[in-house]
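Here is the structure we will look at.
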Amino acid sequence: MKIGIVCYPTFGGSGVVATELGMALADKGHEVHFITYNQPVRLDFISHNLHFHEVLLEEYPLFHYQPYELALSTKMVDVVEKHHLEVLHVHYAIPHAYAAYMAKQMLKEKGIHIKVVTTLHGTDITLVGSHPTYKTAVEFSINHSDVVTAVSKSLKDTTNRLFNIKKEIQVIYNFIDDEKYDHANHEECQRIALANPNERILTHVSNFRSVKRTEDVVRIFHLVQQDVPSKLLMVGDGPERAKTEQLVEQLGLSGKVFFLGNSNEVAKVLCYSDVFLLPSETESFGLAALEAMAANTPVISTNTGGLPEVNIHGKTGYLSNLGDVVEMSQNTISILKDDATLLQFKQNAKAHTKQFSLENILPVYEDIYKSCCETS
């Protein structure tokens, strides 16, 4: 099949999932065309079946903000027409599903009938889409997609609660490529470069937005390291980084916390880790938690959004109420204090990720694309 994928080309979960999905589809022999304003950060052009089409924004004094939706929908029409695409898979309702609807109408005028699959990832619904300024357009775009999917049951329920949705929403969980993490775990993992033999290593990976509560990560670690010798790896970048670094200094943790910035080698970073901290305000799914678990790392997280569907309390890690840094630190210590307990949690975490493997999820998307083409 010839499939167009529209996503944000960033380190966020939706961009990562869309990119990994596209590369996996290309490996299966499908022709995949990414349409976005930058090359996705994890996109690897090893396969000749992968193509990237840049959406260019022209600078006009008339516009205070450049009309990305207009440029995107025009580019979609161009790519579909030139490369005979059969399906457009758009990740995020705003602005991608809206732009896809416009592209679909323009193509219809040319006698081309393209199918649109929309995957909802979270903030497009919970933060942006539900805002009165956008709500009507988001609701319209979702209802006029041919197929709608959501990355968790929690997100599906939230979408149906916030909007008048007439389409059936199919839950398809995010996925990970087990082989990538298995390979990383079998490589020589030089923990000594970051911590002493008697120290544990805690890790956090995010885009450092306020919803990720990176200051809570530091507060949890501050309590943990008083009881268990340890280091903290902070992977990612974003608007909350400066405040988080300031808190590290205030608590006297500068020699124990390492800010590594954005990385395309998350699997290698996670191979060092003993516990992953994710005290987010909300997560529609929690891809970062799943990636940690795939790398044999138990997770300490909040019990919000889709996280309880990923992190199983008392088995793959622990869930706590939002902001309860004391309980999260106590749960972390309970895992780290004993080698046998830590090993059991690591094994449980790894085993649980098998149901989220690429080999299980990819055929589900392929079936959706096929059903779309059959009804064209």
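All of the numbers you see were taken from the coordinates with simple rules; none came from a lab. This one's a predicted model, so the numbers in the text were calculated from it and none came from an experiment. Neighbour counts are summed over all protein chains in view; Cβ atoms, including those assigned to glycine, are modelled from backbone coordinates with ideal geometry.
In the set (1) 61, 42, 40; (2) 58, 50, 44; (3) 68, 43, 37, the label that goes with Cα extents along the principal axes in Å computed for this structure is (3). Based on the reciprocal of the average 1/r between different C-alpha atoms, the Kirkwood radius for the stretch 178-356 equals 15.8 Å.
Extending 7 Å from the Cα toward the beta-carbon at both T133 and E281 defines two label points whose distance is 1.7 nm. In straight-distance terms, cross-link reach from K166 covers every one of the aspartates and glutamates whose alpha-carbon lies under 12 Å from its own, apart from those fewer than eight places away in the same chain; here that gives E139, D146. Taken over the alpha carbons of the stretch 295-376 as equal point scatterers, the Debye sum produces base-10 log I(q)/I(0) values at 0.15, 0.19, 0.24 Å⁻¹ of -0.62, -0.82, -1.09. Say the dipole of the chain comes from +1 at the beta carbon of Lys and Arg and -1 at that of Asp and Glu; which of T304, G286, F259 then lies farthest toward its positive end? It is T304, whose Cα lies furthest towards the positive end.
Shown for the chain are the DSSP H helices of 18 Å or more along their axis, judged by Cα atoms, with a mean Kyte-Doolittle hydropathy of at least 0.5: 13-27. Applying both filters, DSSP loop and at most 13 other Cβ atoms within 10 Å, to the chymotrypsin sites (Phe, Trp or Tyr not before Pro) of the stretch 1-59 gives F45. For the chain, a Gaussian network of Cα nodes joined below 10 Å ranks A340, A295, A195 by mean-square fluctuation, and the top entry is A340.
Distance between the 7 Å Cα→Cβ label points at A193 and N38: 2.5 nm. In this structure the amide hydrogen of R200, modeled in the peptide plane, comes within under 5 Å of the amide hydrogens of S230, K231, none closer than 5 places in sequence on its chain. Projecting the Cα atoms of G4, A193, A150 onto the charge dipole of the chain (Cβ charges, centred on the Cα centre) puts A150 farthest toward the positive pole. Would you calculate a helix-derived [θ] at 222 nm for the chain, using -39,500 (n - 2.57) for each DSSP H run of n ≥ 4 and dividing by the full residue count, to the nearest 500? Per the formula, -12500 deg cm²/dmol.
Exposure proxy for D227, D367, D324: other Cβ atoms within 10 Å of each Cβ, ordered fewest to most, give D367, D227, D324.
Using Cβ point charges alone (K and R +1, D and E -1), the dipole size of the chain about the Cα centre works out to roughly 540 debye. Remark: the stretch 308-313, residue by residue, has Karplus-estimated 3J(HN,Hα) of x, 7, 9, 9, 8, 4 Hz, where x stands for each Gly or Pro and the curve is 6.51 cos²θ - 1.76 cosθ + 1.60 at θ = phi - 60°.
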